[in-house]
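Beneath this line is the structure, given in structure tokens, with notes to follow.
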Amino acid sequence: MRCTVDGWNRVAITVPQQGETVNLNQTSKAARIALALPALLLAACAAQAPTDAHSQATSGATAVEASTPVPEPAALAIISPEAAVSAVRPTSAVLLSRPISAAAVSVSPDGRLVVAVNPDSDSITLVDAITLAVLAEIPVGDNPRTLSLTPDSKKALVANHGSATLSKVDLSQAVEFTQYPVGSMPYGVVTDGVHAFVTEFGLGTLSIIDLMTGELSTRIPVDAFPSGLALSRDGQRLLVTHFFTGRLTVIDLQTSTVRGTASTGADTNLSQFIAIAPDGTKAYLPQTRSNITNTALLFDTTVFPVVNVLDLAKLQLLVRERITLDTADEPVNMPFAVALSPDGKTLYLANAGSDDVSVIDLSTNRKLAHLAVGANPRGIAITPDGSRIFVNNVLDGTLSVIDAETLTVTDTVLITDIPLTPPVLLGKKLFNSAAEPALTTDNWISCATCHFDGTMDARTWLGFPDGPRNTPSLFGVAQTLPIHWSGDFNELQDVEITIKEIQFGNGLVAGKAHDSLGPPHAGLSEELDALATYLASIEIPLSPYGGDRETIGRGRSLFATLGCHTCHTPPLYTDLQLHDVGTGDPTNEKNSHGRGTNFDTPSLRGIWLTAPYFHDGSAATLHQVLRAGTTHNVSDNIDDSELKALIDFMRALPDDNGGPP
């Protein structure tokens, strides 16, 4: 490989065996390949050729083939849940300089680099931690959620949530070497430099990948929806959070087995980050508590932002050390990620919904500072010496830089140009925001609090105006109007009513909201129309349960034979009508439009992800659905193998194998 520098400090890398020149200053907006600073590129010229399998080809760049091939991991992007778990291979403990958390932004162990994910740009950005110069933006997979840096500060591993891949990035050369396919919806990733550990949200598993060979070492079943991930400093334990339950799984890396579990409370939710204290004795989990049993909901009695604290020796919740943020600081929304000072005395918390950072003195659990940052801060990291804190504002495409001594925001660094259309970006910001007074009171509730990234909160709220209501997902919602279990929102802009009546905001339209079945709200507000545009952009995630095509085909035939398609009509798998299916209680139903026990037919697309089921969440599983009520109970008509086939077909949706039932 030969490098040349011209008079403009532009660097070209020539690969002799290809005979082609790759000019790293030739950017492609589609691929979002950014310019690297001369210092970074000169380092790349001095480096040896990579020994990884290959450099991933991207638009506007030439792939560089390495001389030594490395096998890809055995994992598949779509993996059957019945696939056998690989043989357990004990890992070798690696002593780290500090505990490591899967994060949306990280500072390299040597303190020189800041690396941040850009979920909507499908990239990561490298920033000089000293000068704050942007060094490079590197394209990776779809919707990179978290990353982790190797102890030698030379590589980054990136969990690409949307493409079910793990990117391996060389930081000195500012290039993605390869993408390893992993399980469905990877969320968290940490590395000790020898292995990558990945939570697979869609499968309920944790995968261990050997970074030398690229092979999948083992896949460990854990509780549902694993997300946040932390690695102990001694390299012997992994801590795994579970998004909807607030449970914690502890994995022993010497045996690659589950060592124990803990709970932060049945009411905790949005549990997707965990940080281990520098001394390894405690873990800190930013979460949201859901007050679902309260039948007289007010804005400040619905959800509660907290940071829960666990004793790691006893795996017990330290209730007295819980940081209740509305009193420790001030009302905030969606506490999302934390960073701890090197001495373990100060906690820095990014609040994704209220767009701010809480700085908490852990000796008193009281506020030291409250700092406004950019839109939707989902990551926060601190330098090894504790002097600077970096906040990744993913919907502004910026890093906020905080001085730890003065506790002020000193700089804002632009790290990506978010490639969403202006209406979608504005709508996404509104969806994730708890800005007062328009969207809520006292920064308390956002749409994302219950519908994070368009999903649901896996809760049934007893105090809703219509009666008990299981929070539905918003997957493909624009195609399946009306919305609400009572089917009384006939346009997406009717969420104006939700903003005013459930979130206790002033709304995006001046004056009183219309009746949901009355005059339209569309066209009354640019912001409300933008929010509707974003809602219409929410896609249905692919199911990981599509491996057994023969069984799924049998299930599809049964779906037709049993008449399921009459109401759940393909391709939307709903007839967009209301029906009484024997699941409602007339004494609980209070819909103002007189719907009674008639409920909107939910689409079955993405149903593998959206338990519990029915309007009141009374069916925890699809097995229970098919044994409940007057319409869905088919258990007397089919045997166990047929029931399994039917459920396998439903769980594979939206992939129905290409044909109607």
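The values are calculated or read from the model by the stated rules, or taken from the named source; none is laboratory data. Note that the coordinates shown come from a computational prediction; the quantities given were computed from them, not determined experimentally. So basically every Cβ, Gly included, is an ideal-geometry build from the backbone, and we count neighbours across all protein chains shown. Protein only, heavy atoms only, side chains kept; ligands, DNA and RNA dropped before computing areas. Shrake-Rupley method; radii C 1.70, N 1.55, O 1.52, S 1.80 Å.
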Condition met for LEU229 (within 20 Å of the chain's Cα centre (by Cα) and among the hydrophobic types (A, V, I, L, M, F, W, C)): yes
Matching option when the condition is open to solvent by 20 Å² or more (accessible area, probe 1.4 Å), part of a strand (DSSP E or B) and under 27 Å from THR346 (Cα atoms), among ARG219, ARG289: ARG289
The range 299-316 - residue that is open to solvent by 40 Å² or more (accessible area, probe 1.4 Å) and either under 24 Å from the mean Cα position of the chain (by Cα) or of a type in the set (Phe, Trp, Tyr) (or both) and, of those, farthest from THR449 (Cα to Cα): PHE299
Some residue of the range 612-632 being part of a strand (DSSP E or B), in contact (Cβ under 8 Å) with a residue 60 or more places away in the chain and open to solvent by less than 20 Å² (accessible area, probe 1.4 Å): no
Matching entry among LEU572, LEU646, LEU604 (being buried (at least 19 other Cβ atoms within 10 Å of the Cβ), at pLDDT 95 or above, outside any helix (DSSP H, G or I) and touching a helix residue (DSSP H, G or I) at 6+ places or on another chain (Cβ under 9 Å)): LEU604
Residues that are open to solvent by 10 Å² or more (accessible area, probe 1.4 Å) and closer than 19 Å to VAL198 by Cα, drawn from the range 131-145: VAL140, ASP142, ASN143, ARG145
Search result, residues across the range 374-394 that are on the phi < 0 side of the Ramachandran plot, surrounded by fewer than 24 Cβ atoms within 10 Å (Cβ to Cβ) and in a loop (DSSP other than H, G, I, E, B): GLY374, ALA375, THR383, PRO384, ASP385, SER387
Sole exception among (1) within 27 Å of ASP453 (Cα to Cα); (2) in contact (Cβ under 8 Å) with a residue 40 or more places away in the chain; (3) of a type outside the set (Phe, Trp, Tyr) for GLY214, by number: (1)
Inter-residue pairs, beta-carbon under 6 Å, first outside any helix (DSSP H, G or I) and in the range 462-482, second buried (at least 21 other Cβ atoms within 10 Å of the Cβ) and among the polar types (S, T, N, Q), 6+ apart: ASP466/SER486; SER473/THR455; THR480/SER603
Test result for THR597, more than 25 Å from THR455 (Cβ to Cβ), open to solvent by less than 30 Å² (accessible area, probe 1.4 Å) and outside any loop (DSSP other than H, G, I, E, B): no
Of all residues in the range 522-550 being open to solvent by less than 20 Å² (accessible area, probe 1.4 Å) and not small (Gly, Ala, Ser), the one that is farthest from LEU425 (Cα to Cα): PRO544
